[in-house]
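No value in this document is a laboratory result; all are computed from the given coordinates. A quick note: this is a predicted structure, and the numbers were derived from the prediction, not measured. FYI the Cβ positions are ideal-geometry reconstructions off the backbone, even for glycines, and counts take in every protein chain you see.
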Amino acid sequence: MAEVEATRFVETDPAIVERALGPGTILEAEGTFDVAAVEETEDGWRVTGSGGGLGVPFEFREIEDGYRYEALGEHGPFRELEGRLTYAPENHGTRLTAWSRVRINLPLQVLTDRIAAWKRRNELARALRTLADEVE
């Protein structure tokens with residue numbers, strides 16, 4: 001299993017960032033999946049992402065400073081995929097932090113997990129760029 005993280009500072013008040021974030025927005029901003037459906041549940045939201053011939057359900061939960069999410073079940077090459085996007089006040093702006101852990105369900109797992117982590121790091125950086133563009 002591999003973990004990755006990306007951060008970005010935006011010169012925007014945390015309250016504006018908070019209003020811009022949502023389960024569908026986060027998944028869409030990563031750029032791999034289109035949001036096919038968002039369903040509110042007792043614990044948060046179930047967001048279905050579609051892309052590359054896959055339909056992947058994600059469970060999102062709001063946490064104190066952002067959102068935590070995970071792919072439900074094994075879909076495509078993913079054995080496990082979870083992430084977190086948080087925000088915190090910093091120097092008259094906001095620090096966005098995206099974190100993810102991924103495990104792939106393919107042979108040579110050490111190698112394939114590293115490749116998946118590289119891809120996830122790019123997705124997280126893309127999400128932060130997209131969100132920064134929306135709030136700045």
- Task: Lys and Arg at +1, Asp and Glu at -1: add these up for the other residues within a Cβ distance under 11 Å of H92 and post the number.
- Result: -3
- If we count other beta carbons within 10 Å of each Cβ, what is the order of W118, W45, fewest first? W118, W45
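Please get the size of the charge dipole for the chain, origin at its Cα centre, with Cβ charges of +1 on Lys and Arg and -1 on Asp and Glu, quoted in debye to the nearest 20.
On the way: 16 positive and 26 negative charges, 143 e Å.
Here the chain has a charge dipole of around 680 debye.
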- Message: Apply the a/c threshold of 1.5 to the C-alpha gyration tensor of segment 1-41 and tell me whether it is rounded, prolate or oblate.
- Response: oblate
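How much net charge surrounds E11 when only other residues with a Cβ under 15 Å from its Cβ are counted (Lys, Arg +1; Asp, Glu -1)? Mind dumping the intermediate values first?
Working: positive: R8, R95, R129; negative: D13, E90, D133, E134, E136.
Here the count lands on -2.
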- Helix 109-135 versus the longest principal axis of the chain: what angle, 0 to 90°, nearest 10, using Cα atoms? 30
- Item | Relative contact order (percent, whole number), segment 2-135, Cα cutoff 8 Å, 6+ residue spacing | 32
- Task: For the chain, build the charge dipole from Cβ charges (+1 Lys, Arg; -1 Asp, Glu) around the Cα centre, then report which of F33, L131, A15 sits farthest towards its positive end.
- Result: F33
- Item | For the chain: span of alpha carbons on each principal axis (Å, largest first) | 47, 32, 23
- Quick one: what are the phi-derived ³J(HN,Hα) couplings along segment 24-34, Karplus 6.51/-1.76/1.60 with θ = phi - 60°, whole Hz, x for glycine and proline? x, 4, 5, 4, 5, 5, 5, x, 8, 10, 8
